[in-house]
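A single structure is presented below for examination.
The values are calculated or read from the model by the stated rules, or taken from the named source; none is laboratory data. Only a predicted model underlies this, so the values are computations on that prediction, with no experimental measurement involved. As a convention, Cβ positions derive from the backbone with ideal geometry for all residues, glycine included, and neighbour counts pool all protein chains shown. In case anyone asks, the SASA skips ligands and DNA or RNA and just uses the protein heavy atoms, side chains included. Shrake-Rupley method; radii C 1.70, N 1.55, O 1.52, S 1.80 Å.
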There are 2 protein chains.
Amino acid sequence: MIGIVAVLKVQDGKGAEFEGVFRELSAKVRANEKGNLLYQLTKSRADANTYKVLELYKDQEALTAHGQTDYFRELGRKMGPCMAGRPEVEYLDAVD
Amino acid sequence: MIGIVAVLKVQDGKGAEFEGVFRELSAKVRANEKGNLLYQLTKSRADANTYKVLELYKDQEALTAHGQTDYFRELGRKMGPCMAGRPEVEYLDAVD
């Protein structure tokens with residue numbers, strides 16, 4: 001199993017719009033990706049413009065498939081105007 | 001729902017011992033805490049001595065109860081000699 005913590009920073013005042021697009025994305029992921037086990041958006045308590053996505057995938061194949069879906073690419077582009085910089089994605093190997 | 005990413009750094013050569021104690025802890029959490037929805041140990045790909053625990057709790061009550069259990073305190077002490085510094089715990093509010 002592979003874990004991801006993706007850090008997404010949004011511009012001031014763009015949080016609600018970003019959350020709306022992310023909601024579309026998480027609905028698609030949950031509906032279409034059997035190999036995705038968790039796709040949870042969270043908001044930092046320390047910084048209201050910082051979001052972290054907690055993700056778990058069954059294996060590398062599932063993770064690769066996730067990044068190649070049309071909806072991931074399309075909704076990623078749709079989030080673009082809300083973002084303050086590029087996402088920071090950390091890859092983690094699940095233990096047991 | 002509340003998310004946590006806890007960063008735990010271990011001393012060189014202490015990873016296997018740490019993972020063993022953590023396994024005892026995660027088994028207890030999963031067996032006893034209905035309000036805990038995720039308690040997943042992961043290991044950083046960028047630094048083999050850095051672990052991250054991805055956690056989700058139903059609500060604040062569940063999170064508070066987690067920290068007050070005897071096994072959390074006891075197994076936390078048991079991990080102590082493996083650790084390189086104190087845990088860094090980040091609190092996150094789940095979005096939808």
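Rundown of residues vs (1) of a type in the set (Lys, Arg); (2) within 13 Å of the chain's Cα centre (by Cα); (3) at pLDDT below 95, yes/no style:
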{"residue": "A:Asn49", "(1), (2), (3)": "no, no, no"}
{"residue": "A:Lys52", "(1), (2), (3)": "yes, yes, no"}
{"residue": "A:Lys58", "(1), (2), (3)": "yes, no, no"}
{"residue": "A:His66", "(1), (2), (3)": "no, yes, no"}
{"residue": "A:Tyr71", "(1), (2), (3)": "no, yes, no"}
{"residue": "A:Met79", "(1), (2), (3)": "no, yes, no"}
{"residue": "A:Ala84", "(1), (2), (3)": "no, no, no"}
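Within the stretch A:59-68, how many residues are surrounded by fewer than 16 Cβ atoms within 10 Å (Cβ to Cβ) and either in contact (Cβ under 8 Å) with a residue 40 or more places away in the chain or outside any helix (DSSP H, G or I) (or both)?
3
Show the residue pairs meeting these rules: Cβ distance below 9 Å; 6+ apart or different chains; first residue within the stretch B:2-18 and open to solvent by 20 Å² or more (accessible area, probe 1.4 Å); second residue in a strand (DSSP E or B) and of a type in the set (A, V, I, L, M, F, W, C).
B:Val7/B:Val53; B:Val7/B:Val89; B:Lys9/B:Met83; B:Gln11/B:Met83; B:Lys14/B:Met83; B:Glu17/B:Val10
Now for a different question. If A:Phe22 satisfies every condition in (1) in contact with a strand residue (DSSP E or B) (Cβ under 6 Å, 6 or more places away or on another chain); (2) away from chain B (no Cβ under 12 Å); (3) part of a helix (DSSP H, G or I) but one, which is the exception?
(2)
Restricting attention to the stretch A:86-96, and to residues there that are surrounded by fewer than 17 Cβ atoms within 10 Å (Cβ to Cβ) and not in a strand (DSSP E or B), which single residue is nearest to the chain's Cα centre (by Cα)?
A:Pro87
Here is a follow-up. When the stretch B:47-91 is examined, which residues are found to be touching an Asp or Glu at 6+ places or on another chain (Cβ under 7 Å) and either more than 26 Å from A:Gln40 (Cβ to Cβ) or within 14 Å of another protein chain (Cβ to nearest Cβ) (or both)?
B:Asn49, B:Cys82
Quick one: how many residues across the stretch A:26-56 are within 28 Å of B:Tyr51 (Cβ to Cβ) and either open to solvent by 30 Å² or more (accessible area, probe 1.4 Å) or aliphatic (A, V, I, L, M) (or both)?
16
Within the stretch A:26-40, can one find any residue that is in contact (Cβ under 8 Å) with a residue 60 or more places away in the chain, out of contact with any Ser or Thr (no Cβ under 6 Å at 6 or more places or on another chain) and part of a helix (DSSP H, G or I)?
The answer is no; no qualifying residue exists.
If you don't mind, there's one more thing I want to ask. Please work out if A:Ala94 is in contact (Cβ under 8 Å) with a residue 60 or more places away in the chain and either under 27 Å from B:Glu19 (Cβ atoms) or at the interface with chain B (Cβ under 9 Å from one of its Cβ atoms) (or both).
Working: in contact (Cβ under 8 Å) with a residue 60 or more places away in the chain: yes; either under 27 Å from B:Glu19 (Cβ atoms) or at the interface with chain B (Cβ under 9 Å from one of its Cβ atoms) (or both): yes.
Taking the combined requirement at face value, the residue satisfies it.
The conditions are (1) in contact with a strand residue (DSSP E or B) (Cβ under 6 Å, 6 or more places away or on another chain); (2) under 12 Å from A:Ile4 (Cβ atoms), and A:Gly67 fails exactly one of them. Which is it?
Tallying (1) in contact with a strand residue (DSSP E or B) (Cβ under 6 Å, 6 or more places away or on another chain); (2) under 12 Å from A:Ile4 (Cβ atoms), A:Gly67 fails exactly one: (1).
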